[in-house]
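Before any comments, here is the structure.
Read-outs throughout are calculated quantities, based only on the coordinates presented, and are distinct from any laboratory measurement. If you're wondering where the values come from, they're calculated on a predicted model, not measured in any experiment. Note that we place each Cβ from the backbone using ideal geometry, even for glycine, and neighbour counts take in every protein chain shown.
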Amino acid sequence: MRKILDPSKGTYIGGHRGAARYYPENTMLSFEKALEMGADLIELDVHLSKDGIPVIIHNHTLDETTDGKGRVNDYTLEQLKRLDAGSWFSEQYAGLQIPTLEEVLLWAKGKIWVSIELKQTPWHYEGLEEKVVQVIETTGMVEQVQVMSSDHLAVKKTTDLNGELMASMIYHCKLLDPVKNAKEIGARILNASWHHLSKDVVDKAHQAGLLVCGGLNNDPDIWIMMQEWGVDMVDTDVPDVLKKVTRLRV
């Protein structure tokens, strides 16, 4: 793996929640398979357990991807670890667990970059940014992660806690000046769906020293178009599919 994100040497494919089209999302199995498929990064989502441990699951509630019920932060880590995070996808994956951020980072170290999304909406996890940064620092992964959020205050707080961390600003609407907004909160990556991007936006971001992520995309034709704009990276549920149409830069 490249030690730093250097799109001048090629574009990057991020495995969205691992290889979510094929395996139960946000599980160690899904992350491992994304790596096998050639992903350059794995993308994951972080919440806090009741006892304040950063855990990996997309939704604020357990019902959709485990056999548990209710909110993630109503359960301790020990209780969360008892849940089945695989059967909802297929019975053949019964028994898979919700991983912690620490477990994923220790596994990824020296293997693959990690994109960490802070899930601070629709409600707020007190201390999430501090706890995530602490895990990143104690696992020695400051130079191998990017931290992102659609909560721009969370991004700002993260960059204030550790200015060496690469931060990404996610936005879901057409901002008047997304490049200015990103610079103001200390982000080094703009992250938006292709609907909110254009070659002009990408060029402006690059001129300001920012990288650009094309959000989540599973369509090879759209990824080819985004590469023509100069987009540096994309997240996908099918890293093997987009990898086939990813161009190397010279």
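From the phi angles alone, apply the Karplus equation (6.51, -1.76, 1.60; θ = phi - 60°) to region 40-53 and give each ³J(HN,Hα) in whole Hz, x where the residue is Gly or Pro.
In residue order, the calculated couplings are 8, 9, 10, 9, 8, 10, 10, 10, 10, 6, 4, 9, x, 9 Hz.
Binned at 10 Å from 0, what are the whole-percent values of the Cα-Cα distance distribution for region 80-187, short to long?
Going out from 0 Å in 10 Å bins, region 80-187 shows 14, 37, 32, 15, 3 percent.
Tell me, what is the percent relative contact order of the chain, built from C-alpha pairs under 8 Å that lie six or more residues apart?
Normalised by residue count, the contact order of the chain is 21 percent.
Compute the angle between helix 220-229 and the longest alpha-carbon principal axis of the chain, please, reported from 0 to 90 degrees and rounded to the nearest 10.
Once rounded, the angle reads 50 degrees.
Which whole-number value in Å³ per residue fits the convex hull of the alpha carbons of region 131-250?
About 121 Å³ per residue, rounded to a whole number.
Using every alpha carbon pair in region 1-86, what percent of pairs falls into each 5 Å bin from 0 up to the bin containing the largest distance?
Bin by bin from 0 Å, the calculated values are 3, 15, 22, 19, 15, 12, 7, 5, 2, 0.
Cα-based Rg (one decimal) and Dmax (whole number) for region 184-240, in Å?
11.1, 35
Using every pair of alpha-carbon atoms in the chain, split the distances into 10 Å bins beginning at 0 and state the percent of pairs per bin, rounded to integers.
Cα pair-distance distribution for the chain, in percent: 8, 33, 38, 19, 3, 0.
To the nearest 20 debye, what is the magnitude of the charge dipole of the chain about its Cα centre, counting +1 on the Cβ of each Lys and Arg and -1 on the Cβ of each Asp and Glu?
The dipole magnitude comes to about 600 debye.
Under the definition of Cα pairs under 8 Å and six or more residues apart, what whole-number percent is the relative contact order of region 188-250?
About 32 percent, as a whole number.
Under 15 Å Cα-Cα from Lys157, which aspartates and glutamates qualify once same-chain neighbours fewer than 8 residues away are excluded?
Cross-link targets: Glu117, Glu126, Glu129, Glu130, Glu184.
Based on the alpha-carbon gyration tensor of region 47-92, what equivalent-ellipsoid semi-axes (square roots of 5 times the eigenvalues) come out, in whole Å, largest first?
They are 18, 10, 9 Å, listed largest first.
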